[in-house]
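Contents: one structure, followed by commentary.
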Amino acid sequence: MTPPEQPKSSDGRRGFIVKTIALICGGFSLLIPAAIGVVAFLNPLRQKSTGGDFIKLASLEVLPEDGTPRKFPVVADRTDAWNRFPDEPIGAVFLRRTAENKVEALQVVCPHAGCSVVYEASAGEKTGKFFCPCHAASFGLGGERLDKTSPSPRDMDSLDVEVRNNTEVWVKFQNFQSGAAKKIVQT
Amino acid sequence: MKTLLNWLDQRTGLVTVAQTCLNRPVPGGASWFKVWPCTIAFTFCVQAITGFFLWMYYSPGAQTAWESVYFLQHEVIGGWLLRAVHHYSAQTLLVLIGIYLVQQIIIGAYRAPREFVFWATVLMGLVTFALLLTGDLLAWDQNSYACTQVRTKFLTLLPMVGGEFYKLAIGGPAFGHLTLTRFVALHIGLFGGGFLLLLVLHHVAVYRADTAKSKSAEKSTPLWPDQIMRNTVARLVVMVVILLLALQHGVSADHAGVALGSPADLDPSNYYAAARPEWAFLGLYEFSHLFPGELAILPIFCIPGLLVCVALAMPLLGRCRAGHYFNVAFTVVILVGITVLSFRSVAKDRADADHQIAIADEIAQADRVRQLARSPEGIPATGALTLLRNDPLTQGPKLFKQHCAICHDHLDAQQKGIKAEESSAPNLFGFADRKWIAGLLDPKQINGPGYFGNTAFKGGDMAEFIEEMLADLDEDEQKDIEKLVMALSAEAHLRSQRELDAKHAEARQGRQLLLDDYGCTDCHKFHDKGKLGHGTDLTGYGSRQWLVGIIANPAHKRFYGKENDRMPAYAKDILSDRDIALLVDWLRGQWYVEGLGIGD
Ligand code: FES
């Protein structure tokens, strides 16, 4: 069997030059369109996800004094490639009062695989807990994992909160990568 | 390595196939004249590669097609180049097939045993036309929409089945989402796939014919490496040509690559009159004009169909010497004919002033929509066309021409702009700005054609007042009038005068002059002073609200009341509130400007 690089005709130096030219030209001619396509293909890597800004979510009075969490939608402008949608729901946050003037915020997105966590006010017990219906992870009110072996690799994701003018609750809304043991901000 | 190849070959036979292809005999030896099939296959490869990546960005839909192409062209790095390479490689493909065909005809290479090589090439040419036609629409801009509209309408020329064919082609009774989904499927699946099949058929036919011939030919060399070297060099040259074509308009400007027009507007009143097919179809386009309308089926279907039949019959005709000469002569006549007709079409358009204006308007509109799409509001879900429809700069002149330019001019100092059919009302260019008001209060101008000259107010109370009281002013009085003009013009809150209006001291003096010294409020209302009923209300004169009011109903007591000349009340049945607002915003210069926004 003769590999294509060593045919019987065109031997010697001339043959070598001819073959080299053929390989170089053939390679380059195909490389050019492929490279242009791949550059366009990689464009999504340049695009940033929204979030990271403080958003006003609620006023302090609507949060129960006893520390029961409440879920609030996050409404902001959303960009989808060429379209811009003003004021759309882009996520949700649990807010919970921990002291007169202190508020804690938790992402509703489960750190395991991204389902939406719900709050369950359990009868009898004093406080309820957070529960993820997808793979049955439970979290305490502070977002800590309650199961002995939790499907979730980390506690629920807390968000930065600021209480402004003593009444407005502002939250720095961010999404985090699911599945990782550490909190990694999605960019 | 060797064992690996052996194993691969044993299982699949691929190595043997590759070797057979590389070592296949080239009768007559390697030659630069034999590079065409390879360049055609290569250019199709470029089409397939770039098309695949374009596909990732394309969103077929009446409100997303143009938008997704816009996004690719302007927001994706290198997106414009991807589009341009795809576009120009299609053109190149057509040219290469043309060259290859003509060469086959001239040297008589279509004769037995190469009939199938020739037929496959002819069919590849036809499929390339189909690729161009279906691909053209996908950008969904004004030109491609208008061209495709016309082309598909031709289907209705077909007897009996015309209407049905039309509906089948565009996916329904009218253009829309389904036209685009259909054209994508045809473009990629049917014609892209079809071309690939023909290419394979062509190469198999070449292989068979060459192998048969090499047995008898005295000299033949293997394909690798001599012929392949020539082929790949030719391929690189083709690629460089495509790149040069793609780069001809530079790399950074908005117009790099292939220009994207303004989004397709299905509203027939916005039909793009200057739409022209691509160069490859110009000959046919011009040819069709040689026939009267009732016979359009001849140049569109019958004659081209006949020509294709003759082309397909060439291998059979060419069996005798006379037939071959006929084939060559026929080809020359067709090529010359197409060239002459194409140039004639271009020359006609060049000489047609209306055509040039329509093109310039469309370019301006494409620029405008790009600015709007880049604005912070971006493209709404209803598509980019909404941006143009809500844009005072785009809609204002159209509305003005249709409804106001019967009487009103809109001409700047150089007399450029919109000329009235019969100028018989004030020129509204720069309405209520300082210059306009100064002219109104100028005894020399008030009874001229720019103001009251051709109206019922010529020589009326206001004109009389100006001619008597404002003529032959001394320097101080002139200064006073200037201040009065400032005060009144500030009522309009024009964006163009925002900085000027901010200087309060002089305007405040002007207000006082208006109220006291010149007694304007004897006839006019101005804020708290004066009454409505005689002169027009000067409160907020020229402001958005004031203009909306006067256009809605000039006979309202706030404006001309019973003395209204001929101006109709537009709010009643003539213009919608939205149109009036667009017109007013345009008159006041209140449109989106890059970097400035819309203003208040
Ligand atoms: S996603 Fe929440 S537990 Fe799996």
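Looking only at region B:106-124, filter to residues that are at pLDDT 95 or above and open to solvent by less than 10 Å² (accessible area, probe 1.4 Å); which one of those is nearest to residue B:141 (Cα to Cα)?
Restricting to residues being at pLDDT 95 or above and open to solvent by less than 10 Å² (accessible area, probe 1.4 Å), the top hit is B:124.
(1) within 16 Å of the ligand (Cβ to nearest atom); (2) crowded, with 18+ Cβ neighbours inside 10 Å: which one isn't true of residue A:155, the others all being true?
Among (1) within 16 Å of the ligand (Cβ to nearest atom); (2) crowded, with 18+ Cβ neighbours inside 10 Å, residue A:155 violates only (2).
Among the listed residues A:187, A:149, A:167, which satisfies the condition of being farther than 14 Å from residue A:111 by Cα and within 13 Å of the ligand (Cβ to nearest atom)?
It is A:149.
Test each condition in (1) under 49 Å from the mean Cα position of the chain (by Cα); (2) modelled with pLDDT of 90 or more; (3) surrounded by 20 or more Cβ atoms within 10 Å (Cβ to Cβ) for residue B:495 and report the one that comes out false.
Of everything listed in (1) under 49 Å from the mean Cα position of the chain (by Cα); (2) modelled with pLDDT of 90 or more; (3) surrounded by 20 or more Cβ atoms within 10 Å (Cβ to Cβ), residue B:495 misses just condition (3).
Which members of region B:256-310 meet the condition of being in a loop (DSSP other than H, G, I, E, B) and among the polar types (S, T, N, Q)?
Selection gives B:262 alone.
So, in region B:189-234, of the ones that are among the basic types (Lys, Arg) and within 14 Å of another protein chain (Cβ to nearest Cβ), which residue ends up surrounded by the most Cβ atoms within 10 Å (Cβ to Cβ)?
Filtering region B:189-234 for residues among the basic types (Lys, Arg) gives B:208, B:213, B:215, B:219, B:230.
Then keep just the ones that are within 14 Å of another protein chain (Cβ to nearest Cβ); that gives B:219, B:230.
Working: B:219: 10, B:230: 21.
Per the criteria, the residue is B:230.
Which condition number does residue A:138 fail, the rest of (1) at pLDDT 95 or above; (2) in contact with an Asp or Glu (Cβ under 9 Å, 6 or more places away or on another chain); (3) within 16 Å of the ligand (Cβ to nearest atom) being met?
So the condition that residue A:138 fails would be (1).
Among the listed residues B:22, B:94, B:81, which satisfies the condition of being in the same structural domain as residue B:219 (by TED's automatic domain parsing) and open to solvent by 30 Å² or more (accessible area, probe 1.4 Å)?
So the residue among B:22, B:94, B:81 that is in the same structural domain as residue B:219 (by TED's automatic domain parsing) and open to solvent by 30 Å² or more (accessible area, probe 1.4 Å) is B:81.
So is residue A:109 within 16 Å of the ligand (Cβ to nearest atom) and touching an Asp or Glu at 6+ places or on another chain (Cβ under 8 Å) or not?
Yes, satisfied.
Before we move on, is residue B:43 open to solvent by less than 10 Å² (accessible area, probe 1.4 Å), assigned by TED's automatic domain parsing to the domain that holds residue B:207 and part of a helix (DSSP H, G or I)?
So residue B:43 fits the description; yes.
Do we find that residue A:67 is assigned to a loop (DSSP other than H, G, I, E, B), open to solvent by less than 50 Å² (accessible area, probe 1.4 Å), at pLDDT below 95 and away from the ligand (no atom under 16 Å from the Cβ) in this structure? If you could, list the steps in order and put the result at the bottom.
Details: assigned to a loop (DSSP other than H, G, I, E, B): yes; open to solvent by less than 50 Å² (accessible area, probe 1.4 Å): yes; at pLDDT below 95: yes; away from the ligand (no atom under 16 Å from the Cβ): yes.
Spelling it out, residue A:67 is indeed assigned to a loop (DSSP other than H, G, I, E, B), open to solvent by less than 50 Å² (accessible area, probe 1.4 Å), at pLDDT below 95 and away from the ligand (no atom under 16 Å from the Cβ).
Filter region A:31-46 down to residues that are among the β-branched types (Val, Ile, Thr) and within 7 Å of another protein chain (Cβ to nearest Cβ) and give me whichever is most open to solvent (accessible area, probe 1.4 Å).
Filtering region A:31-46 for residues among the β-branched types (Val, Ile, Thr) gives A:32, A:36, A:38-39.
Now drop any that are not within 7 Å of another protein chain (Cβ to nearest Cβ), which leaves A:32, A:36, A:39.
Working: A:32: 40, A:36: 20, A:39: 72 Å².
So the residue we want is A:39.
Suppose we filter B:19, B:73 for residues that are more than 7 Å from chain A (Cβ to nearest Cβ) and either in a helix (DSSP H, G or I) or closer than 30 Å to residue B:103 by Cβ (or both); which single one remains?
The unique qualifying residue is B:73.
Tell me yes or no: at least one residue of region A:48-60 is surrounded by 14 or more Cβ atoms within 10 Å (Cβ to Cβ) and either among the hydroxyl-bearing types (Ser, Thr, Tyr) or at the interface with chain B (Cβ under 9 Å from one of its Cβ atoms) (or both).
The answer is yes, given that some residue of region A:48-60 is surrounded by 14 or more Cβ atoms within 10 Å (Cβ to Cβ) and either among the hydroxyl-bearing types (Ser, Thr, Tyr) or at the interface with chain B (Cβ under 9 Å from one of its Cβ atoms) (or both).
Please list, ordered by residue number, the helices (runs of 4 or more DSSP H) wholly in region B:162-222 having 2 or more residues that are within 23 Å of residue B:28 (Cα to Cα) and of a type in the set (Ser, Thr, Tyr).
Output list reads B:193-216.
So, residue B:453, is that one touching a residue at least 12 places away in the same chain (Cβ under 8 Å) and either surrounded by fewer than 20 Cβ atoms within 10 Å (Cβ to Cβ) or touching a helix residue (DSSP H, G or I) at 6+ places or on another chain (Cβ under 7 Å) (or both) or not? Break it down into steps so the answer makes sense when it comes.
Values: touching a residue at least 12 places away in the same chain (Cβ under 8 Å): no; either surrounded by fewer than 20 Cβ atoms within 10 Å (Cβ to Cβ) or touching a helix residue (DSSP H, G or I) at 6+ places or on another chain (Cβ under 7 Å) (or both): yes.
The answer is no for residue B:453.
Among the residues in region A:134-142, are any open to solvent by 40 Å² or more (accessible area, probe 1.4 Å) and of a type in the set (A, V, I, L, M, F, W, C)?
yes
Six or more apart or on different chains, Cβ under 8 Å: which pairs go from a residue in region A:163-185 that's in contact (Cβ under 8 Å) with a residue 60 or more places away in the chain and among the basic types (Lys, Arg) to one that's open to solvent by less than 50 Å² (accessible area, probe 1.4 Å) and more than 16 Å from the ligand (Cβ to nearest atom)? Could you list them?
Close Cβ pairs satisfying both conditions: A:172/A:52; A:172/A:55; A:172/A:159; A:172/A:161.
How about region B:542-567: which of its residues are open to solvent by 20 Å² or more (accessible area, probe 1.4 Å) and aromatic (Phe, Trp, Tyr)?
B:560
Pairs only if they're at least six apart or on different chains, beta carbon under 6 angstrom, first in region B:387-413 and hydrophobic (A, V, I, L, M, F, W, C), second assigned to a loop (DSSP other than H, G, I, E, B); list them, first residue then second.
B:393/B:591; B:405/B:420; B:406/B:421; B:407/B:420; B:407/B:424; B:411/B:427; B:411/B:429
Since residue B:272 meets every condition but one in (1) of a type in the set (Phe, Trp, Tyr); (2) out of contact with any Pro (no Cβ under 6 Å at 6 or more places or on another chain); (3) surrounded by fewer than 17 Cβ atoms within 10 Å (Cβ to Cβ), which condition does it not meet?
Result: residue B:272 passes all but (3).
Do you know which residues across region A:111-130 are open to solvent by 30 Å² or more (accessible area, probe 1.4 Å), in contact (Cβ under 8 Å) with a residue 12 or more places away in the chain, within 28 Å of residue A:100 (Cβ to Cβ) and not basic (Lys, Arg)?
A:118, A:119, A:121, A:127 - these are the residues of region A:111-130 that are open to solvent by 30 Å² or more (accessible area, probe 1.4 Å), in contact (Cβ under 8 Å) with a residue 12 or more places away in the chain, within 28 Å of residue A:100 (Cβ to Cβ) and not basic (Lys, Arg).
Count, please, the residues in region A:112-135 that happen to be within 12 Å of the ligand (Cβ to nearest atom) and among the basic types (Lys, Arg).
Matching residues across region A:112-135 total 0.
The values are calculated or read from the model by the stated rules, or taken from the named source; none is laboratory data. Bear in mind that the values here come from a model prediction, so they are computed numbers and not experimental data. Because the Cβ atoms are built from the backbone with ideal geometry, glycine has one as well, and the counts that use them run over all protein chains shown. SASA here: full protein model, heavy atoms, side chains in, ligands and nucleic acids out. Shrake-Rupley method; radii C 1.70, N 1.55, O 1.52, S 1.80 Å.
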